[in-house]
Each structure stands twice: as C-alpha cells, then as structure tokens.
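This report concerns only the one structure given below.
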Amino acid sequence: MFFSLFGRKGAPKKTENKNKAPITRQPVGPSPATSAAPVASAEAGEDSLDFSTYVPPPQSAPPQDLPAPAPQSVPQETATAPPPLDVSALAASLAGEPDPTASVSPAANDVAPVIKETAILFANGEIEPALARLSNAVREADLGDSALQAWLMLFDLLQHLDMWVEFEALALEFVVKFERSPPAWLETVERKDPALATGGIAFFALGDTLTDASAPELEKLRTAAAAQRTLRVECGKLESIDGPGCRLFRETLTSLRNAGKEVLLTGEARLMQFLEEACQPGRSETDAAVWALLFDVYRILGSKDKFEETAVTYAVTFEVSPPSWEPQPGAEAKGSAVPRPVEAADQALILSGELSGASETLAKQLQDWAGANKMLVIDMSRATRVDPATAGLMLKVLSALQERGITAQIRGANELIRALFGLTGLDKVARIIPRK
C-alpha cells in the first residue's frame, strides 16, 4: 500500500485564510539548544511539516545588568615606568667620587688590540716598544671607542719616561681632538719630596751610569740614609754599568745592611736588565762584581728561584760551587707597601714604585691589611708599573678575600695599570677607581 508523504488520501484539503494572522509561538528565555528549531502552528498538527508559517525567534540581547568587559590595556605604571635608579652611581655622585661604572675597565674583548698590546708590553718592562706602538696607533689607526683610553695611556707612558716636552705637545693635540682638558703633568714623588718624610723613608736616585766615577754619588746615598731606617733607591734612569761601578754599589748596599738599614729598590727592572745581560751562561769574562751584585739584588727582592737558577749558571760558567741563598733580614722587596698616616675613615694601603716579582711580602701585606680593616683599600697613585706576575698575585689574593666577604677597592692607578687589570680580570674582584 502506498502512502503519500503529504497527507492521507482523501483527506479534506485545507483552505488558507489570507485574512487570518499566522500564530507563532514566542519562546520565553530561548535556550541555545532549541532556539534554532522550527516551530509549527497549533492548527497544523504535531506531524505536519509545513514551514510556511515559521517565523524565527528574535535574537536574545545581552543582559543589561552585566557591563561589557573592558578592553585589555597595558598597565599605566608598566608603560611609563622610568628605568631603575642606579643607587651606587647616585651615592658616588653625592659623595664627590667618580661613577663606579666608569671605574671598571672595558672587557678585554671590547678594547682595541693596541690597548692589550701596549698594556702587556709595558707590564713586561718593554717601555720603548710600547711607546712606539701606541704613538703610531693614536694617530694612524681607527680606535673607535678605545680612542680616549689609548690617548690617556700614551700620556702615562710619556710621564713614565719623563718626556715633558712630548707630553705638552700631545696635550695640544688632545684638546683639539677631544675638546676637553688634557691630563696634567704630575711631578714625581722624587721631585716633590725626595726625603719622603711622611713615610719615614730616605730617597736616592742613581744617575745615568754606574761606574768607578760614581763613588761621590754613592757616598751621598749613604748620607741620605743616615737619618732614616729605610732607604729607597731608584734605579730606573740607569743607562750603563761596569764592573767597578757594580763593586762600589754592592759595597754601599753591604754597609747599609750592616748598619741595620732596610733597602727598598724601585725601577730595579732597569738595573736587572743590565746585570742579567752581562751574566749569561759561559760569559766568564764578566766581572765577578757584576755577578755578586746580581745575587744581592735577588736577595733584596726575595727572588729565591731566580737566585738559585743564576747560581747554577754561575757554577757552570766558573766551575765552582754555587753561592747559597741567604735572605737579607729586614730587607724590603721593591714595591712593598708603605703605610702612612691617613684619616680613620679612609685607611689605605699604599703601593708605590714598580711592582714586580709577585713578592710573597706583598701578598702578606694585602692579607694583613684586609684582616685589620672592614674594607681593603689600596692606594696606587704612586705606583708606576705592575708586571703580569704581580697582577696575577693580586688577583689570587683579592679573589680569596672576596670569597670571605671582604671587598677591595683600588684607587689612583694610572691607565696603563688599569688596562692590565682589565686584561687579567682583577677589575672583577675589586672596584677600580681611576686617577683623578
């Protein structure tokens, strides 16, 4: 049997009344699950599929009592917050001190190669090559951000070599290039106060030559030491030596030692250069006084390793027994610290002259000074040069102190020394304050 999908056969046909309004069901509170379903008229019957009278329900409006969510925005304090205040820089400024961020040497990888080369040459005592290399670079090379540092290092080199005329000429170029005041020529401690009365030290500088003609000069050395317990002898201006001169100088040092005097050598790298060049293996023609003076210098500096190495060379060269190591009691290694009276709020350990040889005396002084003060403050305004071995020793000691919670501060070091400290990493364990 066949059934029509649209109604039973024979059913009366419904007539449409055009004047009658269609009846629709308006849902109350439509739900999402049923709002889209068609709604049939009541007259059509439940099984009717006639959609002619379907009217879609009105869209539900959002509740009026719920505010629309505000658009997301960046918090006002985040968008306009100023950068954090550098408290340390502000404190330093108020105290009249240099900005601590400016006192840290540039990272070794950020500086121009000539900065590294000059610092190493100078630290190793190769002064003339350092001067030649840096002089060419500041005028011919593009040094970028390292230009100012290179010029300041050149000023220190000229100061170290006592080249006042060249220093003044460079100052004129500096003003034109950087539009700022150049460094001032510093009168050395020797020029200003040869007696160094505040440190209780007598001072004496050897002349250009050390020969038999130096007898009157060495007699003045003994006189200079008469009123003081410690004698500081500057050897940096030596140009030549000979056997008789070495004999006279050694006799003078022996007499001072016998008189209970302490000897502090500065600029001794120059003296040792001449002595070591003359005392090479197999040079039996070298005057024995030169060898003897070299051994005495090693004793004064506390350089036991170099002493024993040279003693073997001496024994082989002259086929005799080597001299034995006998440290000189009371003798001070060159570059040792000379404490001076300072204000209680600013106690500082003063290092002066050329610091070389990584002396254990220096290590002990750093440790002792740190133990007696809340902060280790090192004044290097009188230091002229630091060799790599001494920089390494200072790095080792200050690193150990830092692990114990003791802070260190190094003041007044010249640009050449600061550059070396930057290369060795010493500026990572101590605050480096440049020379004013």
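The values are calculated or read from the model by the stated rules, or taken from the named source; none is laboratory data. Every value quoted in this text rests on a predicted model; they were computed, and no experiment measured them. All Cβ positions, even for glycine, are placed from backbone atoms using ideal geometry, and neighbour counts span all protein chains on display. Just so you know, the surface numbers come from the protein's heavy atoms only, side chains and all, with ligands and any DNA or RNA stripped out. Shrake-Rupley method; radii C 1.70, N 1.55, O 1.52, S 1.80 Å.
Using a ≥ b ≥ c from the Cα gyration tensor of the stretch 222-266 (square roots of the eigenvalues), is it rounded, prolate or oblate, where a/c under 1.5 gives rounded and otherwise the larger of a/b and b/c decides, a/b for prolate?
Working: a/c = 2.61, a/b = 1.50, b/c = 1.74.
Taking the square roots of the gyration eigenvalues as a ≥ b ≥ c, the stretch 222-266 is oblate.
Quick one: net charge of residue 158's neighbours, Cβ under 10 Å, K/R +1, D/E -1?
Working: positive: none; negative: 156, 162, 166, 168.
With Lys, Arg at +1 and Asp, Glu at -1, the neighbours total -4.
First select every other residue whose beta carbon is under 12 angstrom from the beta carbon of residue 277; then total the charges, Lys and Arg +1, Asp and Glu -1. Mind showing how you got there, number by number?
On the way: positive: 270, 283; negative: 276.
Result for the local shell: +1.
Taking the simple approach of a point 7 Å from Cα along Cα-to-Cβ for both residue 209 and residue 178, what is their distance in nm?
4.1 nm
May I ask you to order 245-251, 219-225, 178-184 by the average number of other C-beta atoms within 10 Å around their residues, highest value first?
Working: 245-251: 21.0, 219-225: 15.7, 178-184: 12.0.
Highest to lowest by the protection proxy: 245-251, 219-225, 178-184.
Arrange the peptides 318-324, 145-151, 165-171 so that the one whose residues have, on average, the most other Cβ atoms within 10 Å appears first.
Working: 318-324: 11.3, 145-151: 17.9, 165-171: 15.0.
So the order, starting with the most tightly packed, is 145-151, 165-171, 318-324.
List the residues, sorted by chain then number, that are 5 or more residues from residue 383 or on another chain and whose placed amide H is less than 5 Å from its amide H.
The list, which skips near neighbours in sequence, is 353.
With every protein chain left in place, what is the accessible area per residue of the stretch 196-283 in square angstrom, probe 1.4 Å? Write out the running numbers ahead of the final one.
Details: 3880 Å² over 88 residues.
With the other protein chains kept in place, the stretch 196-283 gives 44 Å² per residue.
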